[in-house]
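To start, the structure itself, in structure tokens.
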Amino acid sequence: MNDRNTTMGKSLSRQVKSKNKKPGMFLAALSLSFIAKTLGAIIMKSSIIHIERRFEISSSLVGFIDGSFEIGNLLVIVFVSYFGSKLHRPKLIGIGCFIMGIGGVLTALPHFFMGYYRYSKETNIDSSENSTSTLSTCLINQILSLNRTSPEIVGKGCLKESGSYMWIYVFMGNMLRGIGETPIVPLGISYIDDFAKEGHSSLYLGILNAIAMIGPIIGFTLGSLFSKMYVDIGYVDLNTVRITPTDSRWVGAWWLNFLVSGLFSIISSIPFFFLPQTPNKPQKERKASLSLHVLETNDEKDQTANLTNQGKNITKNVTGFLQSFKSILTNPLYVMFVLLTLLQVSSYIGAFTYVFKYVEQQYGQPSSKANILLGVITIPIFASGMFLGGYIIKKFKLNTVGIAKFSCFTAVMSLSFYLLYFFILCENKSVAGLTMTYDGNNPVTSHRDVPLSYCNSDCNCDESQWEPVCGNNGITYISPCLAGCKSSSGNKKPIVFYNCSCLEVTGLQNGNYSAHLGECPRDDACTRKFYFFVAIQVLNLFFSALGGTSYVMLIVKIVQPELKSLALGFHSMVIRALGGILAPIYFGALIDTTCIKWSTNNCGTRGSCRTYNSTSFSRVYLGLSSMLRVSSLVLYIILIYAMKKKYQEKDINASENGSVMDEANLESLNNNKHFVPSAGADSETHY
């Protein structure tokens, strides 16, 4: 007997020692998966503007593609939540990382089948497609108009060259990323909780969240680097590419982003396949070998009991789930909090999805610059805000109402800084034929069907073309032909056009009526406003992050303790379905309404937007986000009022119950005042 106890003690000792060795191995593997997860998320956001242009699609459609990640996540979240703990968790996480990597590679795949990127209708699909000889000036266009491509050839080109449906691969790849990402957090955290010492789980989670911040930093850095590279790098002679990263038609090497993130996810999946199903599995197996016959007998009995009670348990579980679900849906505080966080998070998701497009259209800054400034600078600030928010709640020991007030305060401060964006807007772009007349002297009320001027009416220009040039008068013209330019510098860079008749009527004093290829840059005052925008963005994100911890705290405090998991799960599902999927779509649809010049693809149908009315864009982008935030604040105020009323009523009821009990006890004592318990006797025994 003593030998048996000694053996069991040694086995337990080995189990504890093994348990203490597991965190380092699993934590390192899970850290890589967290980095891969956050890296993929940032890569998608920073590549949206390039995907939209490369596949010639609208902002609303690219928003739908962005939301496919949440669709994939929702498809398997129930399966993972229920069966995850019953299966091999490390291998399931590894499979998820592998699927996430395959999704990244699949997203990049269309690049290798679509042929060369055509940023102009006039270009031919070959390695010298971007030759400047295809640029049409006023005189050249009169000659070439006799030899324009026939509709039959255009139709054949549409069938052969068009990649209009290739975006489906990006959609499916992003959905696979969502499916693969699902098991990482819930199964990873539950596995950590199994092997962690008492009180160490929070430390490991803090380490994971801190390491996960490496992903966004790498993502923004790669996004900035690859967006400077031309999409067909390695396939075409870059000297023949006549557009620059500041051009609204520029498409960076977006596919490299997804290849890198996809391969990193696949690599991060490898360690999980070498980890045990449970942290102490080897010890359990050795322990089982000592008393195998006992376990077999117990297993047979358990199987018989399980078969008998299986039907009863299923019915009981379903009934209990429905009752629990009804309980949280009839909790007015919980429903109100879900609605207000949905509004708030939708504002964040929609704004972040199109922030790079906004910066480009409003301040004229390329996405490569925006990636560095908005990413690398703001991520540490965001992480600091999350940490400080949790520390404040713990330091001041805030109760439920106090946490709600703190969360509301951070939302008010974030909104206050967000509203400052309205005061640092630049003037609308000056584009002849879209925001002003072709002679550049008068603004127009509508960008549709702006009549030609006498300076270009005889040039027989293609008005659907978008080949912008910047005149010496600071006005952008849709094409050299519509600027009335008669000649050019040829292939010599920078490409300059001369004798532009539409510049003559603007009254230039130096007589230099020339224009260079590309849109006119923003002035210095607008550039300074961009840096103010970055500074305000830092403060806005800091206060948004400061209140992030309070979301989870409020959910678990306004529902019954046994319903916390269900409440968190339902809240996450609502945010993903109505926020993560829908917000990018309706933000994109409203942004599309501000477009003033659409591209035309090979099939003659509408492609992506070339330029926007920057004033209308800002009003829609900032206005919609502000409206969602203000609506959430109204619900915040109602929530705090309802919480105060509820907890005050509880205090009053508790006080009244206490008074009644005191009166009853006093009356009981008066009725029994003649009775005196014996010395050393227990009063409860005598009563």
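The values are calculated or read from the model by the stated rules, or taken from the named source; none is laboratory data. Everything numeric in this text was worked out from a predicted model, so none of it was measured. Ideal geometry is used to build each Cβ from the backbone, glycine not excepted, and the neighbour counts take in all protein chains shown. Remember, those area values only see protein heavy atoms, side chains included, never the ligands or the DNA or RNA. Shrake-Rupley method; radii C 1.70, N 1.55, O 1.52, S 1.80 Å.
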Averaged per residue, the 1.4 Å probe accessible area of region 231-270, protein heavy atoms only, in Å², is roughly 36
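Sort 527-539, 46-58 for me by packing, meaning the mean count of neighbouring Cβ atoms within 10 Å per residue, highest on top.
Those peptides, ordered most packed to least, come out 46-58, 527-539.
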One point scatterer per Cα, no solvent, Debye formula: log10 I(q)/I(0) for region 451-597 at q = 0.10, 0.19, 0.21 Å⁻¹ comes out as -0.64, -1.15, -1.24
Descending accessible area (1.4 Å probe), largest on the left, turns Leu554, Leu61 into Leu61, Leu554
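First select every other residue whose beta carbon is under 10 angstrom from the beta carbon of Phe272; then total the charges, Lys and Arg +1, Asp and Glu -1. It would help to have the intermediate numbers written out before the result.
Values: positive: Arg89, Lys91; negative: none.
It works out to a net charge of +2.
Just to make sure I understand: if all protein chains stay in place, what is the order of Arg619, Arg118 by accessible area at 1.4 Å, largest first?
Values: Arg619 160, Arg118 60 Å².
Putting Arg619, Arg118 in descending order of accessible area: Arg619, Arg118.
Note the full-extension length gain between Thr244 and Tyr586 as 0.36 nm times their separation in residues minus their Cα-Cα distance, in nm to one decimal.
Details: separation 342, 0.36 × 342 = 123.12 nm, distance 3.02 nm.
Result for the pair: 120.1 nm of gain on full extension.
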With Arg528 itself left out, Lys, Arg at +1 and Asp, Glu at -1 over residues whose Cβ is under 14 Å from its Cβ give -1
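Sorting check: for 323-334, 214-225, which peptide has the highest mean count of neighbouring beta carbons within 10 Å, and how do the rest follow?
So the peptides 323-334, 214-225, ranked by packing, come out 214-225, 323-334.
Tell me the carbon and sulfur percent of the accessible area for region 528-574, rounded to whole percent, probe radius 1.4 Å. Walk me through the numbers before you get to the answer.
On the way: 1460 of 2070 Å².
That fraction is 71 percent.
As a test of reading the structure, rank Asp194, Asp523 by solvent-accessible area (1.4 Å probe, protein chains only), most first.
Details: Asp194 70, Asp523 95 Å².
So, going from the largest accessible area down, we get Asp523, Asp194.
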Per residue, accessible area of region 430-521 with a 1.4 Å probe, heavy atoms of protein chains only, in Å², comes to 45
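From the C-alpha gyration tensor of region 430-521, pull out the three semi-axes of the equivalent ellipsoid (sqrt of 5λ each), sorted largest to smallest, in whole Å. If you can, show how the numbers build up before the last one.
Values: eigenvalues 72, 40, 30 Å².
In descending order the semi-axes read 19, 14, 12 Å.
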Taking every C-alpha to C-alpha distance in region 315-356 and binning by 10 Å from 0, the per-bin percentages run 25, 28, 24, 17, 5, 0
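What does the highest-first list of 247-257, 181-191 look like by mean Cβ count within 10 Å? Write down the numbers at each step before the final one.
Details: 247-257: 22.9, 181-191: 21.1.
In descending order of packing, they fall as 247-257, 181-191.
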Ranking Phe497, Gly433, Cys459 by how far each Cα lies towards the positive end of the charge dipole of region 430-521 (+1 on Lys and Arg Cβ, -1 on Asp and Glu Cβ), the top one is Phe497
Inverse of <1/r> over all distinct C-alpha pairs of region 559-613, i.e. the Kirkwood Rh in Å, gives 14.3
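Measure off, as a whole percent, the carbon and sulfur share of the 1.4 Å-probe accessible area of region 430-521, all protein chains present. Provide the component values of the computation, followed by the final result.
On the way: 1890 of 4100 Å².
In region 430-521, the share of accessible area belonging to carbon and sulfur is 46 percent.
For region 430-521, give the magnitude of the charge dipole about the Cα centre (Cβ charges: +1 Lys/Arg, -1 Asp/Glu; no others), in debye to the nearest 20. Numbers along the way, then the final one.
Numbers: 4 positive and 8 negative charges, 62 e Å.
Roughly 300 debye for region 430-521.
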